[in-house]
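Remarks on the structure that follows.
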């Protein structure tokens, strides 16, 4: 598949307009999105991928808290790290196409930027709306290897990755004096 066709297909993903819904808060659910990306309810894993994708489609973040939202209800849930995990990436054309733990894809670009200095202490990518995806270490290793193959760190020791006509900081390397 060509990059432009894939980007159009990714852009056509339809999600409910949770950012427009402002229902009353109904309380917290005993639902957790674990650091691994596994969802659980009352301590038991949610094993049906379709159910997890449904819940993820109505997920909203406000002031650092996560909620499942419908037009008439808003319930709080707990997220240990981020709601998504970026588990693989493929370089097509000039753009990295990233796949998360739910099988969703996004380009690494200006609309879906990489942030290595996230308050969580881990590199994250803005996935959709204001929901982040933690970058799995295998993806970071892949990106760092690619960046080192295509360009060395700059004079300040910064390692950069190019994708989708944007440039993203991957690492700040320690430089010792006299190098």
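Each reported figure results from applying straightforward, stated rules to the coordinates on display, with no laboratory input. Note that this is a predicted model, so its numbers are computed, not measured. Please note: Cβ atoms are built from the backbone with ideal geometry, for glycine as well, and neighbour counts cover all protein chains shown.
DSSP beta bridges fully contained in the chain are about 80 percent antiparallel.
Averaging sequence separations of C-alpha pairs under 8 Å and six or more residues apart, then dividing by the length of segment 50-101, give the relative contact order as a whole percent.
20 percent
Measuring nothing but how far apart in sequence close Cα pairs (under 8 Å, 6+ apart) lie, relative to its length, segment 23-79 scores a relative contact order of 45 percent.
Using the Kirkwood formula over every pair of different C-alpha atoms, what hydrodynamic radius in Å results for segment 23-79? Provide the component values of the computation, followed by the final result.
Working: mean 1/r = 0.0864 Å⁻¹.
Final number for the Kirkwood radius of segment 23-79 is 11.6 Å.
Note on segment 23-79: antiparallel DSSP beta bridges, both residues inside, total approximately 70 percent of the bridges counted. Seen against the Cα atoms of the chain and their longest principal axis, helix 137-150 is set at about 30 degrees.
How would 51, 125 line up from fewest to most surrounding beta-carbon atoms within 10 angstrom? Kindly include the intermediate steps, with their values, before the conclusion.
Numbers: 51 12, 125 25.
With the fewest neighbours first, 51, 125 line up as 51, 125.
Rounded to the nearest 500, the 222 nm mean residue ellipticity of the chain from helices alone is -5500 deg cm²/dmol, with -39,500 (n - 2.57) taken per DSSP H run of at least 4 residues.
Across segment 96-116, the residues whose backbone nitrogen lies under 16 Å from the label position 7 Å along the beta-carbon direction of residue 169 are 113-116. Roughly speaking, what is the centre-to-centre gap between segment 29-49 and segment 111-164 when only Cα atoms are used, to the nearest Å? Segment 29-49 and segment 111-164 have Cα centres spaced 27 Å from each other. When you restrict to C-alpha pairs under 8 Å that are six or more residues apart and normalise by the size of the chain, the relative contact order lands at 17 percent.
If the viscosity is 1.567 mPa s and the temperature 4 °C, what translational diffusion coefficient in µm²/s does Stokes-Einstein give for segment 74-179 when Rh comes from Kirkwood over Cα pairs? Before the final figure, lay out each step's value.
Numbers: Rh = 14.5 Å.
In µm²/s, the coefficient rounds to 89.
Based on alpha-carbon atoms, the Kirkwood radius and the radius of gyration of the chain give Rg/Rh equal to 1.02.
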